[in-house]
Amino acid sequence: MRNFLRALKLALPYRGRLVLSLVCALCAALLWGLNFTAVYPVMKVLGSNMNLQQWVDVRIELIERDITEKDRETDELKARQTVVEGFGHGEARDNELHRLTDRLDRAEKHLSESRSRQWRYQQLKHHVVRHLPTGRFNTLALILLVVVIGVAVKGVFEFCQEYLVGTVTNRTILDFRNEFFRKAIHQDMRQVQEGGSADLMSRFTNDMEMTGNGMKILFGRVVAEPLRALACISIACWISWQLTLLFLFIVPAAVIIMTMASKKMKKASRKLLDKMGNIYRILQETFQGLRIVKAFTMEPYERRRFHDAAKDYAEKNMRVVRIDALTGPMVEVTGVFAVCVALLAGAYLVLSGEKRLFGIQLTANVMETETLLWLYAQLIGMADPVRKLSSVYTKLQSAAAACDRIYGVMDRVPQVQSNAEGINLERHSKEIEFQNVCFSYTPEKQVLTNICLRVKAGETIAIVGANGSGKSTLLNLLPRFYDPDHGSILIDGIDIRKAQLRSLRKQIALVSQDPILFDDTIGRNIKYGNRRATAEQIEAAAKKAFAHDFIMSKGGYDAKIGDLGGALSGGEKQRIALARAILRDPSILVLDEFSSAIDPVSDRLIHDALQEFKKGRTTFFITHKMHTVQMADRIVVLDSHELVAVGLHRDLVGTCAVYRELYEAQIHPKSEAA
């Protein structure tokens, strides 16, 4: 529950609304208990031939007679006590004095209770009963009307409480989601990739919703239901605290049941949430790769895969349902048993006219049938909130399990820190140096080993090598998507780990093999490179990327491009991505196989755009196309995770076997065609 308590602290800014909801819950609870009090006058009207005015007068008269008798008895006991005190010292005298003192204490206590009851009936007569109709039917109708009004007013307070709790819960979850997103978006690439985006989506949606339900229950039902039960307990204790205690033995039994259920619920809920993450993963993979699924006729396979995941989730969910469903009836049976015990004890006192049961005094006066039914109504009113609370603890445990998963992500400490106190990098103007850089995604597999490379400002570097040789990983270290395990990367003599991360990344623009575009307008996708850019600057960047003409044919810069740029071709996406990079005006340009999957026309246009744009910028690009390599000032060759050669094309063809093999693989199809 520790993480759930951390989430609850986010509600502190809205504590004023919570206090107001508590006041509303308290008012509703008081009306809840008072509504059951109507049982007593209703039974009196129906069970006797007197109206309420006559009945109150009779009660006051009987109490006055009782007070007179007890006054006389008290006077006699005091006189007797005075006489006994005049006797000489002895054991008989002391025993008699002790007996008289006990009788006098009981008589005075009874007298005090009778006078208290006399005052209450007099107040009832003066403030309530004298205003009621004298007719029995009219009195009954008026009592029922008051009950209806009381229920309506209680409903208003309950609505206000639910509304206030809902407001606090929604605003708290909004703050929680925003905080979670802020923490998640600053996670390392390694951390995000390990968990997977589908798992993150599950935590943002399903887990967050479950946390919200837990908060709503805690601020709502956990507050309101105990207050309702407390109102009924207070009235029941006023009627007969001894009989009420017989009922309250339900509390420890209910606590034991709920504690046992909650432990099982938290464990089951955590497994359930993990299975929901699997469903999100399958959905994401299937719909993002829908073309491949259809092309390879794998719809039956994907249906089975989703069916198995959904079935697994349903089985885990049924365990949660069983625990939740079993808890309520068990607590309810315990409550009904307790009510029956209290009712049987009260019925014995009514039918026998006794005040004691098993030698224990349970009531000061002989209990009436109407009083017993009134007490029974209060116990029933108390049992209902207890029954509703039976499932609360299990639901809170589900919320706690969800919070554990959410904070499991939020509490991860990124290895790549923003270093706000670090050096603010000026615009790159000297050189970039890789010093003995080593990197691995897992301890078992090295990806880069002792990479040493020095690049002058404004130089264009092509990186080539077989798949898996570490080309993309090397460039991913430059904007600190990852940090080297050993060695360092220096820009203008400054270790990038000692620089402010934001000042580093502001100097870098990235164009990848599969450009990421957002479901927005073309203009806003280009503006992603510089959020302060004007419409004229956006258009100028598009023209430099040879994208302006096709943008206008698509409907202009305000045209939507769909999910992941689905309305555009591969070459059009690349030119939009290039325009975004141009608008950023970086000092360092990173191109990761940017032209590997586009048509020759788009390739030529992008090639021409880059020839102009790369001037005065340090450019790194990964490519397998030999005509693109010729844009480079130098070529870096990677093989088996090591840097094996650096040089010009004409030199590497003769001196580097790895490069020559890559080159011949490119030109071999042309030779055969000739």
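Brief remarks follow.
- Stretching Glu108 away from Gln435 to a fully extended chain increases their span by 108.0 nm, per 0.36 nm per residue minus the current alpha-carbon distance.
- Val658, Val464, Val156, reordered so the largest accessible area comes first (probe 1.4 Å): Val156, Val658, Val464
- Gain upon complete extension [Val333, Glu664; 0.36 nm per residue less C-alpha separation]: 110.8 nm
- Pairwise inverse Cα distances across the range 78-210, averaged and inverted, put the Kirkwood hydrodynamic radius at 23.6 Å.
- Potential lengthening of the chain between Arg115 and Arg177 amounts to 16.2 nm, from the contour at 0.36 nm per residue minus the alpha-carbon distance.
- Entries in Lys294/Lys554; Lys456/Lys498; Lys544/Lys573 that, when Cα-Cα distance is taken, lie over 25 Å: Lys294/Lys554
- Taking the range 57-80 and a reference point 7 angstrom along Cα→Cβ of Leu124, the backbone N atoms nearer than 15 Å belong to 57-64.
- Listed residue pairs exceeding 21 Å between alpha carbons, taken from Lys560/Lys615; Lys154/Lys388; Lys506/Lys615: Lys560/Lys615
- Efficiency of FRET between Arg650 and Lys9 - r from beta-carbon atoms, R0 51 angstrom, step 0.05: 0.15
- With both labels modelled 7 Å from their Cα along Cα-to-Cβ, the Lys625 to Asp549 distance reads 1.7 nm.
- Coarse-grained scattering of the range 3-72 at q = 0.13, 0.20 Å⁻¹, given as base-10 log I(q)/I(0) from a Debye sum over alpha-carbon atoms: -0.66, -0.94
- Principal axis dimensions, the range 41-100 - Cα atoms, whole angstrom, descending: 60, 17, 12
- When +1 charges are put on Lys and Arg Cβ atoms and -1 charges on Asp and Glu Cβ atoms, the dipole computed for the chain relative to its Cα centre reaches about 580 debye.
- Given charges at Cβ of Lys, Arg, Asp, Glu: the chain dipole, positive-most of Phe287, Gly408, Val636: Phe287
- Those GluC sites (Glu not before Pro) in the range 420-504 that DSSP places in a loop and that have at most 14 other beta carbons within 10 Å: Glu421, Glu426, Glu444
- The chain, accessible surface, carbon-and-sulfur percent (1.4 angstrom probe): 58 percent
- The alpha carbons of the chain occupy a box of 136, 63, 49 Å along the principal axes, longest dimension given first.
- Taking the C-alpha atoms only, the angle from helix 657-673 to the longest principal axis of the chain is near 70 degrees.
- Rough spin-label spacing in nm, given labels placed 7 Å along Cα→Cβ, for Asp633 and Thr205: 4.9 nm
- Only the Cβ atoms of Lys and Arg (+1) and of Asp and Glu (-1) were treated as charged; on that basis the dipole of the range 535-648 about its Cα centre amounts to roughly 200 debye.
- Stokes-Einstein diffusion of the range 487-598 at 20 °C, 1.002 mPa s viscosity, Kirkwood radius from Cα pairs, rounded to a whole number: 146 µm²/s.
- Seen against the Cα atoms of the chain and their longest principal axis, helix 535-544 is set at about 40 degrees.
- Summed over the residues of the range 1-121 and divided among them, the accessible surface reaches 61 Å² per residue at a probe radius of 1.4 Å.
- Take the range 461-552 with all the other protein chains still there, run a 1.4 Å probe, and you get 45 Å² of accessible area per residue.
- Summing charges over neighbours of Glu96, with a neighbour being any other residue whose Cβ is under 12 Å away from its Cβ, gives 0 when K and R count +1 and D and E count -1.
- Label zone of Val413 (point 7 Å out along Cα→Cβ, amide N under 20 Å): in the range 462-505 this covers 481-486, 497-501.
- Counted over the chain, the DSSP beta bridges are approximately 55% antiparallel.
- Residue ranking by accessible heavy-atom surface, 1.4 Å probe, largest first, among Cys452, Cys24 comes out as Cys452, Cys24.
- For Met382, net neighbour charge (Lys/Arg +1, Asp/Glu -1) across residues whose Cβ lies under 12 Å away: +1
- Spherically averaged projected area in nm², based on the convex hull that wraps the Cα atoms of the range 418-478: 5.6 nm²
The values are calculated or read from the model by the stated rules, or taken from the named source; none is laboratory data. Remember, it's a predicted structure, so these values are computed and weren't measured experimentally. Quick reminder, even Gly has a Cβ in these numbers, built from the backbone with ideal geometry, and neighbours come from all protein chains shown. Just the protein is used for accessible areas: all its heavy atoms, side chains included, with ligands, DNA and RNA removed. Shrake-Rupley method; radii C 1.70, N 1.55, O 1.52, S 1.80 Å.
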